[in-house]
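Undergrad: Got a structure for you, questions after.
Only the coordinates and a few stated rules stand behind these numbers; no lab work does. Note that this is a predicted model, so its numbers are computed, not measured. In this analysis, Cβ positions are derived from the backbone assuming ideal geometry, glycine residues included, and neighbour counts consider all displayed protein chains.
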């Protein structure tokens, strides 16, 4: 997978001229920079990018160009990537479970912000991380509502344990902070409000004034046709409820969007291999390729069908069973995909909003999954 050096006007121009047989990921740098500026101007605190969502160098470089100065890293690979592309960036190592080798690696690379959600992991950090000037954020969880995926199923302390951990952090001489994640593709501002109110209770119960409150990721991108995401209302809710909940002890705010920054900057074009008996559609991309996340949080219905000459198919939209290219029966997109009824073999199916997790989960199973990356001025077809 490599980035094409040619810049095309839009996906349609490329598809019409190149007729690619492998799926193509289209990247619009202007879109990711505009989204970053929206966060930087609207969020009342530090914006850090969750690198895991799309670690492509072109994404990170454009975020840096837009003014992003912080990055949430979950592995040594991501830490090295950011240190190479922006040596002075703030790095938050907020994967709450790390081996001792990974902790030592991050300490050597001057990482000074960590998260934790258990006694055993906190003990490792206290043992291995110099306390002076280092922040440890205690991550807690609440029951999830309004999100497509529950991050609390794997990470997050109970409120009671979080208060205990927070007091231990402060007593050990670290900068005490709190963090949470409301759940991926979260559209309800009240999810953040509930977490912020509980964070204030945790801090009071611990008897600790926290330095920062990291409100996590979860910021959505546009996955549903005709429905826009109102991130400004989320920002305003976070700002208001933080002031109400903490009062004079209001902490500095941090967020760590992933898909919220990169999701809408990419589209994927998959070619139709076959329309089997005018019923099932087979494409050259699927669950084992760039569309793995569809099986986790549902289909993106921002879909258009383009014929080989670059014209949009105009048949009535109907739900189709869509399979990927592998020989595995699991390789089916969930539910039915809304496609033009006149879709034909050789057409291109273009999915918008594909910037998050589309590259990192591409498995190359069965020898499929070769994914070209093409720069475009606009993602409009």
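Undergrad: I'd like the antiparallel share, as a percent to the nearest 5, of DSSP beta bridges with both residues in the range 180-315.
TA: Taking every DSSP beta bridge within the range 180-315, about 60 percent pair in antiparallel fashion.
Undergrad: Mind giving me the FRET efficiency for residue 190 and residue 160? R0 is 22 Å, r the Cβ-Cβ distance, nearest 0.05 is fine.
TA: Between residue 190 and residue 160 the formula returns 0.45.
Undergrad: Right, here's the next one. Find the relative contact order for the chain and round it to a whole percent, using C-alpha pairs within less than 8 Å whose residues are 6+ positions apart. Don't skip to the answer; put the middle values down first.
TA: Values: 867 pairs, mean separation 90.4, N = 381.
Relative contact order, the chain: 24 percent.
Undergrad: Measure off 7 Å from each Cα along the Cα-to-Cβ vector at residue 37 and residue 342, then give the distance between these two points in nanometres to one decimal.
TA: In this crude label model, residue 37 to residue 342 measures out at 4.0 nm.
Undergrad: Evaluate the distance, in nm, between pseudo-label points positioned 7 Å from the Cα of residue 201 and of residue 131 along their respective Cα→Cβ axes.
TA: 2.9
Undergrad: Continuing with the same structure: Using alpha-carbon pairs under 8 Å, 6+ residues apart, how would you state the relative contact order of the range 293-355 in percent?
TA: Across the range 293-355, relative contact order equals 45 percent.
Undergrad: Say each of residue 370 and residue 17 gets a label point 7 Å from the Cα, pointing the same way as Cα to Cβ; how far apart are those two points in nm?
TA: 2.1
Undergrad: Shifting gears a bit: Highest mean first, how do 25-33, 181-189, 272-280 rank when packing is the count of other Cβ atoms within 10 Å averaged over residues?
TA: Ranked by mean Cβ neighbours within 10 Å, highest first: 181-189, 25-33, 272-280.
Undergrad: Another question, if that's okay. Set the Förster radius R0 to 30 Å, insert the Cβ-Cβ distance between residue 119 and residue 77 as r into 1/(1 + (r/R0)^6), and round the FRET efficiency to 0.05.
TA: Rounded to the nearest 0.05, the efficiency is 0.60.
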